[in-house]
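The structure appears below as C-alpha cells.
The values are calculated or read from the model by the stated rules, or taken from the named source; none is laboratory data. All values reported here derive from a predicted model rather than from experimental measurement. A quick note on method: Cβ atoms are made from the backbone with ideal geometry, for glycine too, and the neighbour counts reach across all protein chains shown.
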Amino acid sequence: MKKGYFGQWGGAFIPEVLYETFAGLNHAYEEARADASFWREYTRLMANYSCRPTPLTYAENLSKHFGGARIYIKREDLNHTGAHKLNNVMGQGLLVRRMGKKRVIAETGAGQHGVATATMAARFGLACTIYMGEEDVARQRPNVFWMEKLGATVVPVTDGSRTLKDAINAAFRDWVASMDDTHYVLGTVCGPHPFPEMVAWFQSIIGKEANGQIREQHGRLPARVYACVGGGSNAMGIFQGFLDEPGVELIGVEAGGKGLETGEHASRMVGDLASPGVAQGYKTMFLQDRDGQMLHTHSIAAGLDYVGVSPILADLGEKGRVRFEAATDREVIRALEMTMRTEGIIPALESSHAFVQAFKEAPDLAADEAVIINMSGRGDKDIFTIAHAFDDSSWKEFIIGLAAEYRSSYK
C-alpha cells in the first residue's frame, strides 16, 4: 500500500511551501513510533495528568430497561478536559517538544479539541491560537471562555458556513505563514498524511484499554462497539482495540441532522449526498455537489458538523469492516434524556449519536452478549443547546435575568 493511503483514500495533497514542514513532522512521528520509550512516556503522562485508564462502566439500569445485551460505556468523559481529545493533543505535545517548536495552532468545532490544545499548551509552555467557526463560537461559548482563560487566542472564522471545515482552512493558512516555529495540532483522523495515522495512534489508547476491560468484566469480547463519527478520532480510538477481532461488529454513527431526506445533515457514509473528492490535503468521501463545491452541513452536535470523514474510516466502510448508521437530532435528544434519567450520566451531544444506535439494537441481542458505547465526551459543554432543545422555561428565565443583571452592573 502506498504510504499515507488506506485503500484509495488518504494521501498528502499539500502546497509546496509546506513540503519541508511535513517532511520534518513525518520524521519526528516515525522516530517516536519506533521508540518504545516514547509510548511509555506518553502513557505515564496520561496516567499522571489525565486519569487514564478511563473506566468501562456497566450501565445496569439501561441494560435492564432495554433487555437483550449488557450495555457498557467507555467513559472518555472522565478524561481530563472532559473528552477523548486530550489523548491526541498530549501526544502531539510530546512531538512538539521533540521538534523544538514554540507555538501551536488548532481548529475546533465542539470546542473540546480547542480546550484540550489550550490545556496542552499551558502544560508545555507554548503559545496557542485556536480557530473556530463563528457559528460554533456562539453555540459553544463555555469552551471558548475556558480556551481564553487557559491562555489561548481564539479566532472566530467568518468564511463559508462558519463551522469546522472553515476553521480547518483558516488553520492551514496560518501554518503556511508560520511553519518555522509553529505546529498544527490537527484534532481528528483527517487531513494530509501523517495526521490520520498519527492521531489514530494516539487515540488507540482507548481501544487498548477497552479490550482488556471488557474481557475482565464480561469475560469475553463484546458483540458490537458503537461510536459517533464526525472526523472520526474517537471512533478510530476505540475501533482499533477490536479491528483484529472478526467476531466484533464495529458501528459508526453519523449526524443524521433533521433527516437524511432533508439534506440537512452531516452524513457522508450513509445516504447519497457524498462522493469521492480531494480537499484540505487528503482524499475521502465529502459532502459536495457535482462541481466539487462543499455542501452546507447540519448537526445539533458541533463536533459532527464536518463535510468529510477519516480516510481510514472510508476504507473500513468500503471494505465492510465498519457499518455506518445515522441518528437524527430528535433521536439524539431522546437518547440523551434517557441516559441522564436512567444512569445519571450526561453524554455530549456527539456521543449521544452512538447511544441512539446502541439503544435500537441492544434488545435484539442475547442476554449473555455485551455492547460497548464509546462516550467520547461529557455534555456540560452543550448546556445551551440542550436547554434550547428541551425548551426549558426556567433556564430561559435564568439567562434573561442574568443578562439584565449584567447590563445593569455595566452601566
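Considering every residue within the range 70-89, establish whether at least one is farther than 30 Å from A335 by Cβ, surrounded by 24 or more Cβ atoms within 10 Å (Cβ to Cβ) and within 18 Å of the chain's Cα centre (by Cα).
First, pick out the residues of the range 70-89 that are farther than 30 Å from A335 by Cβ: none.
Looking through the range 70-89, none of the residues is farther than 30 Å from A335 by Cβ, surrounded by 24 or more Cβ atoms within 10 Å (Cβ to Cβ) and within 18 Å of the chain's Cα centre (by Cα).
If you go through the range 298-312, how many residues are part of a loop (DSSP other than H, G, I, E, B) and under 17 Å from C190 (Cα atoms)?
Here is the first cut: in the range 298-312, the ones part of a loop (DSSP other than H, G, I, E, B) are 298-301, 305-310.
With under 17 Å from C190 (Cα atoms) added as a condition, the list becomes 305-310.
The qualifying residues number 6.
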Scanning the range 212-230 residue by residue, the ones that are among the polar types (S, T, N, Q) and under 30 Å from A302 (Cβ atoms) total 1
Which pairs do you get when a residue that is at positive phi, found in the range 254-265, comes within reach of a residue that is in a strand (DSSP E or B) and modelled with pLDDT of 95 or more, reach meaning Cβ atoms under 6 angstrom, with the pair 6+ apart or on two chains? G259/T328
Output the number of the condition that K101 fails; it satisfies all remaining conditions of (1) under 23 Å from T153 (Cβ atoms); (2) assigned to a strand (DSSP E or B); (3) among the charged types (D, E, K, R). (2)
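Suppose the filter is in contact with a Leu (Cβ under 7 Å, 6 or more places away or on another chain) and of a type outside the set (F, W, Y); does K102 pass it? Full working, then the answer.
Details: in contact with a Leu (Cβ under 7 Å, 6 or more places away or on another chain): yes; of a type outside the set (F, W, Y): yes.
For K102, the condition - in contact with a Leu (Cβ under 7 Å, 6 or more places away or on another chain) and of a type outside the set (F, W, Y) - is met.
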Give the residues of the range 1-26 that are under 29 Å from R123 (Cα atoms) and surrounded by 13 or more Cβ atoms within 10 Å (Cβ to Cβ), sorted by residue number. L18, T21, F22, G24, L25, N26
Verdict on G68 being farther than 21 Å from G379 by Cα, at pLDDT 95 or above and part of a helix (DSSP H, G or I): no
Kindly check whether there is at least one residue in the range 6-21 that is assigned to a helix (DSSP H, G or I) and within 25 Å of N87 (Cβ to Cβ). yes
Test L86 against the stated conditions and say whether it is of a type outside the set (D, E) and within 30 Å of E134 (Cα to Cα). yes
Members of the range 240-288 that are in a loop (DSSP other than H, G, I, E, B), over 30 Å from R220 (Cβ atoms) and among the acidic types (D, E): E264, D272
